[in-house]
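Peer 1: Sharing a structure below in structure tokens format, with a few things to ask.
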Amino acid sequence: MNFVLSMSKRMALGLSIVLLMVSSLIFNASPASAETYTVKMGANNGMLAFEPKTLTVKPGDTVDFVNNKLPPHNVIFDKSKSPSADIASQLSHAGLLYSTGDDFKLTIPADAPSGTYEFYCQPHRGAGMVGKLVVE
């Protein structure tokens with residue numbers, strides 16, 4: 001009887017160790033790392049455009065807006081064409097960048113609702129310098 005009890009305890013201990021190891025692999029899996037994307041302000045061909053015009057991101061990702069051609073540029077998110085007016089305000093960068101290579105980075109907030117956030121360059125909006133940020 002003692003032999004059976006001893007074997008049962010050893011099997012239970014062995015099974016517990018295996019379950020602990022498997023669960024540590026599952027629960028310690030590293031989360032997806034945030035990405036960094038670049039959007040050029042002013043297209044390489046000299047057009048007043050954002051390049052790319054549409055970018056798909058996830059909360060936590062960073063977008064680096066770089067002054068490329070025909071400055072000055074800025075990025076204003078349209079509150080009326082975004083899922084959240086508050087997030088659109090947070091993402092906007094009203095300050096103008098004057099020199100080629102100047103940039104600013106914005107990180108998509110963790111609480112940003114999914115959807116399409118439309119933005120524009122304030123001095124060149126009339127020329128069609130608009131873009132879209134799609135948050136998944």
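The values are calculated or read from the model by the stated rules, or taken from the named source; none is laboratory data. All values derive from a computational prediction rather than experimental measurement. We place every Cβ from the backbone using ideal geometry, glycine too, and count neighbours over all the protein chains shown. All accessible areas refer to the heavy atoms of the entire protein, side chains included, with ligands and DNA or RNA removed. Shrake-Rupley method; radii C 1.70, N 1.55, O 1.52, S 1.80 Å.
Peer 1: Pick from the range 57-69 the residues that are assigned to a loop (DSSP other than H, G, I, E, B) and either modelled with pLDDT of 95 or more or closer than 16 Å to G95 by Cα (or both): which of them is most open to solvent (accessible area, probe 1.4 Å)?
Peer 2: K58
Peer 1: Next up: State yes or no: is K58 within 18 Å of S114 (Cα to Cα) and either among the basic types (K, R) or out of contact with any helix residue (DSSP H, G or I) (no Cβ under 7 Å at 6 or more places or on another chain) (or both)?
Peer 2: Criteria met by K58.
Condition check ((1) over 15 Å from L133 (Cβ atoms); (2) under 16 Å from the mean Cα position of the chain (by Cα); (3) polar (S, T, N, Q)) across all residues:
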| residue | (1), (2), (3) |
| --- | --- |
| D78 | no, no, no |
| S82 | no, yes, yes |
| S92 | no, yes, yes |
| D102 | yes, no, no |
| P109 | no, yes, no |
| T116 | no, yes, yes |
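Peer 1: Still on this structure, I have one more. Condition first: within 17 Å of P123 (Cα to Cα) and either among the polar types (S, T, N, Q) or touching a residue at least 40 places away in the same chain (Cβ under 8 Å) (or both). Now tell me which residues in the range 43-52 satisfy that.
Peer 2: Selection gives L48, A49, F50.
Peer 1: Restricting attention to the range 95-136, which residues are free of Cβ contacts under 8 Å to residues at least 40 places away in the same chain, surrounded by fewer than 12 Cβ atoms within 10 Å (Cβ to Cβ) and not in a strand (DSSP E or B)?
Peer 2: Y98, S99, G101, S114, G126
Peer 1: State all residues of the range 62-88 that are within 15 Å of G115 (Cβ to Cβ) and touching a residue at least 12 places away in the same chain (Cβ under 8 Å); if no residue qualifies, say none.
Peer 2: F77, D78, K81, S82, P83, S84, I87, A88
Peer 1: While we're looking at this one, here's another question. Quick check, is V134 at pLDDT 95 or above, within 16 Å of M47 (Cα to Cα) and among the β-branched types (V, I, T)?
Peer 2: Considered against the rule, which asks whether it is at pLDDT 95 or above, within 16 Å of M47 (Cα to Cα) and among the β-branched types (V, I, T), V134 comes out as no.
Peer 1: Same structure, new question: Restricting to the range 37-51, what's the tally of residues that are in a loop (DSSP other than H, G, I, E, B) and closer than 16 Å to F77 by Cα?
Peer 2: Residues flagged as in a loop (DSSP other than H, G, I, E, B) and closer than 16 Å to F77 by Cα within the range 37-51 amount to 1.
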